[in-house]
Amino acid sequence: MKKITVLISSVVLAFGVYSCDQPQSNNTDSANNDTIASERNLGNPADVKTDSGPFQLPELKYGYADLDKSIDAETMEVHYSKHFLGYANNLNKAVAGTELEGKTIEEIMKGMDMNNTALRNNGGGYYNHDLYFATMSPDGGGQPSGELSEAINTAFGSFDELKNQLAEAGGKRFGSGWAWLVVDNNGNLAVGSTANQDNPLMPGLEISGTPILGIDVWEHAYYLRYQNKRPDYIDAFFNVIDWNLVAEKYAQAKAE
Ligand code: MN
């Protein structure tokens, strides 16, 4: 009996080795197969839908692979179709049958009961990712112009100093969280960070105001390409920031 087991194991092992060897016999085919496989597996962001409830995922204005100069397609796919979707589904569950069902996400954030862990984590996760994915673009990068540029110079002295402060806020955040550019309650720009899925609309945090830009510094946002090098990810993120959209958010926040 023992001999038969050994024989079967050998056959399985031999077949396994043979199978593994096959793709290496032709490197071009192997590379093509990998490309086809990853394209097939990534799917289409437009097909990602929440189970039910008032909070849906916003449409992306780019494909998963379109920000590759800064963030790889697989990270974008998992981030949007798994993490963001998870927050949206759990937020919908948390508000189902409550008075919160008819409120906007901003109203829910501002009135947050910080002891309601499910609502805090998933509502925050929904709001934060909605902003994050909206403020990226394949045509992003560079520097803002107009009123936002003037406000940055007033608050920080220069665009480079804003960049330094955002990178420091994100880099120093221990564990998971976000770095923020906000319009504070006096209408001035300010930089800060929050832990986990908290954000500056929530009451009683170390930074308060209306976010116009958020940098996700959770490992799920960058680990596949950048591993432990969070500062490199933050630096690369600046190459995909849609400053036109941030400027719109700035104008809206100032008008409030
Ligand atoms: Mn995230």
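What follows draws every value from the coordinates through simple rules; no lab data is involved. For clarity, every value in this text was computed on a predicted model and none was experimentally measured. No Cβ is skipped: glycine too gets one built from the backbone with ideal geometry, and neighbour counts run over all protein chains shown.
Remarks
- Qualifying GluC sites (Glu not before Pro) in the stretch 200-251, DSSP loop, other Cβ atoms within 10 Å at most 16: E206
- Cα-based reach from K229 at 29 Å (exclusive), listing lysines while leaving out same-chain residues under 8 positions away: K61, K69, K82, K163, K172
- Trypsin sites (Lys or Arg not before Pro) restricted to the stretch 215-253 and DSSP loop, no more than 15 other C-beta within 10 Å: K229
- Cβ-based net charge around L189, under 12 Å, with every Lys or Arg adding one and every Asp or Glu removing one: -2
- In terms of its Cα atoms, the stretch 70-256 spans 47, 39, 28 Å along the principal axes, sorted from long to short.
- Total formal charge among the other residues, if their Cβ is under 12 angstrom from that of P138, Lys/Arg +1 and Asp/Glu -1: -2
- Ignoring aspartates and glutamates fewer than eight residues from K93 along the same chain, the ones with Cα atoms less than 15 angstrom from its Cα are D51, E101.
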